[in-house]
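A quick write-up on the structure given underneath.
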Amino acid sequence: MRRSHTQNSHNPVSEDFHKEQFPFYWIARLNNIYHHHMESELRKVGADLPTWRILSVLHEDGKRSMSDIALHAVAKLPTITKIVYRLEERGLVRTSTSPLDARVTEVALTPAGEQMLAAMRKATESIFLKSYSGLSPVKIERLNRMLMQVFGNLEHYY
């Protein structure tokens, strides 16, 4: 049964609330199915989603601190630290002490890390092509702007 939405149907505290009108419902479902498909494809090349995130951050941003990686890979610092050292053992990244602050560990991609990222991109390309099907670049940009606005609204909530 399709329900029409009202002004408040997106607000969980409203009597008119409908989960299908709640953006966070769709964000959660989207995140879940995205993780499922990504993990499935990344497993085929000996990788996982945290590896994808870390190597992608480093590829785009260059050498980064563990804290920066944690922020952009959306994970807790202790988790990122453990994964980074595991990736270093595999030769995918290298760590070094920051010349500006000896307390900061910096991380950079190695050539093997770049190769792994290329393999991961190839393995996951079909997911992105399928997920963006029917969306123009303008629609994708508009979606990104709206999500960034909601993120900004919540980022400094407390």
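For the range 34-158, with all protein chains in place and a probe radius of 1.4 Å, 57% of the accessible heavy-atom surface sits on carbon or sulfur. Rolling a 1.4 Å probe over the heavy atoms of the protein chains gives the chain an accessible area of 73 Å² per residue.
If the limit is 29 Å between Cα atoms, which of Lys19/Lys82; Lys82/Lys122; Lys63/Lys130; Lys44/Lys139; Lys19/Lys44; Lys82/Lys130 go over it?
From Lys19/Lys82; Lys82/Lys122; Lys63/Lys130; Lys44/Lys139; Lys19/Lys44; Lys82/Lys130, over 29 Å: Lys19/Lys82; Lys63/Lys130; Lys44/Lys139; Lys19/Lys44; Lys82/Lys130.
Could you report the accessible area of Phe22 in Å², rounded to 10, computed with a 1.4 Å probe on the protein chains as they sit in the structure? Roughly 50 Å² of Phe22 is accessible to a 1.4 Å probe.
If I take every Cα pair under 8 Å that is 6 or more residues apart in the range 1-127, average their sequence separation and divide by the length, what percent do I get for the relative contact order?
Details: 138 pairs, mean separation 26.8, N = 127.
Rounded, it is 21 percent for the range 1-127.
Computed over every Cα-Cα pair of the chain and binned at 10 Å starting from 0, the pair-distance distribution P(r) comes out as 9, 28, 32, 20, 8, 2, 0 percent.
Convex hull volume of the C-alpha atoms in the range 15-69, normalised per residue: 108 Å³.
Rounded to the nearest 500, what is the chain's calculated 222 nm mean residue ellipticity when only DSSP H runs of at least 4 contribute -39500 (n - 2.57) each, over all residues?
Working: 6 runs with 95 residues, N = 158.
Value at 222 nm, helices only: -20000 deg cm²/dmol.
The values are calculated or read from the model by the stated rules, or taken from the named source; none is laboratory data. The shown structure was predicted, so the numbers you read here are calculated from the model rather than taken from an experiment. Areas reflect the complete protein model, heavy atoms only, side chains present, ligands, DNA and RNA absent. Shrake-Rupley method; radii C 1.70, N 1.55, O 1.52, S 1.80 Å.
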